[in-house]
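The values are calculated or read from the model by the stated rules, or taken from the named source; none is laboratory data. Note that this is a predicted model, so its numbers are computed, not measured. Here the Cβ positions follow ideal geometry from the backbone for every residue, glycine too, while neighbour counts run over all protein chains shown. Please note that ligands, DNA and RNA were not included when accessible areas were found on the heavy atoms of the full protein model with its side chains. Shrake-Rupley method; radii C 1.70, N 1.55, O 1.52, S 1.80 Å.
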Amino acid sequence: MRRVSRHGDIKKPRRTGRIVKTVAAVMAAAAIAAGVILYNTSSGHTGPLPVHLPAQSGSYLGIYTNDAPASFAGVTAFTNATGAKPDVVMYYSGWYESFPASFARITAEQGAAPLVQMDPTSVSVAAIASGRYDGYLSAYAEAVRAYHHPVIISFGHEMNGDWYPWGYKKTSPAVFVAAWRHVVDIFRALGAQNVTWLWTVNVIDDTQNGKIPSPAQWWPGNSYVTWVGIDGYYLKPSWQFAPLFGPTISAVRTLTADPILIAETGAVPAAGQPSKISDLFAGIRSYGLLGFVWFDSTNSIGQPFSISGTAAIDAFRKGASTYGRPGS
């Protein structure tokens, strides 16, 4: 997977299975030794979440590890290391990939919802809108419906950036909107009412190049969106939540009052992970957002976002302790 982050940095994960291994084991041992209790155990974080996910601010803690959906081991390692049990488990799904029902069932048993980044890789977005891939979409929708538990689906994420073929300058906003609506219409027509539709954009505050525009052109309308996702990363020590995410939140609020989830985020160690993790939790609270999904992996150019070091793990544990199970 690939993508350009704020200020043009490529960031999608290496699929090498390198997730929190030695570091996670050390942190897990430290957490156990310290008597860490999972942040939401007391609120009954067991069993599937409700099909219609509650729009409760400051309650969704998500994770991406690069072995999902082939394995749940990375998620378990993250939980052991941080003492935080996620409510959302994200993975990337290329076109023609089927819904991983067994992985989804494990996710539900652990009290979380799968977040599928369904990306139209190597296909025409216009062809999706015209119905050429309805067979694939119908089979996917039927599998999701049969799952019965909540699924979060984000189609064609970060479309306001210019690094994906479905995005800015490569596919027109009108074509993207038509495809988005067509996908949603198929799922709804087939009774897949257990989907939370997450319209995911990239942060627009690109002060260096000004290449990432407001996502307004790609807005499909309130009836086609449940939540809004925003992707953004801490890459430098000076970066803070408000300037990183604030302009995009303001742009989204001109379009909709839908709940907002920070759908991809992380901090490289060089940016000062402990302070950025604290800043992230504080920013979620101050803006009244749903929560965030931490990108616990290394990107394609070797930038590490996995939580590392005792100070970072302590900051994450402290922030997560303020979260309860959504709807509790």
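Close contacts from segment 236-260, counting a first residue that is at positive phi and assigned to a loop (DSSP other than H, G, I, E, B) and a second that is at pLDDT below 95 and surrounded by 15 or more Cβ atoms within 10 Å (Cβ to Cβ), with Cβ to Cβ under 8 Å and a gap of 6+ residues or different chains, come to none at all. Taking into account only those residues within segment 41-84 that are crowded, with 16+ Cβ neighbours inside 10 Å and on the phi > 0 side of the Ramachandran plot, which is modelled with the lowest pLDDT? Step by step, filter segment 41-84, then rank; the result is 83.
I need the full set of residues from segment 65-84 which are in a helix (DSSP H, G or I) and not polar (S, T, N, Q), in order please. Can you show your working first?
We begin by selecting, within segment 65-84, every residue in a helix (DSSP H, G or I); these are 73-82.
Hits for segment 65-84 are 73, 74, 75, 77, 78, 81.
This table checks each residue for (1) part of a helix (DSSP H, G or I); (2) under 30 Å from residue 322 (Cβ atoms); (3) modelled with pLDDT of 95 or more.
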{"residue": "86", "(1), (2), (3)": "no, yes, yes"}
{"residue": "89", "(1), (2), (3)": "no, yes, yes"}
{"residue": "92", "(1), (2), (3)": "no, yes, yes"}
{"residue": "96", "(1), (2), (3)": "no, no, yes"}
{"residue": "102", "(1), (2), (3)": "yes, no, yes"}
{"residue": "108", "(1), (2), (3)": "yes, yes, yes"}
{"residue": "111", "(1), (2), (3)": "no, yes, yes"}
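Selection of segment 137-195 for residues being surrounded by fewer than 19 Cβ atoms within 10 Å (Cβ to Cβ), of a type in the set (Ser, Thr, Tyr) and over 30 Å from residue 106 (Cβ atoms) yields only 172. Out of all the residues in segment 261-313, which are part of a helix (DSSP H, G or I) and open to solvent by 10 Å² or more (accessible area, probe 1.4 Å)? 269, 270, 274, 275, 278, 279, 282, 285, 286, 287, 310, 311 - these are the residues of segment 261-313 that are part of a helix (DSSP H, G or I) and open to solvent by 10 Å² or more (accessible area, probe 1.4 Å).
Of the residues contained in segment 123-146, none is found to be closer than 22 Å to residue 227 by Cα and part of a loop (DSSP other than H, G, I, E, B).
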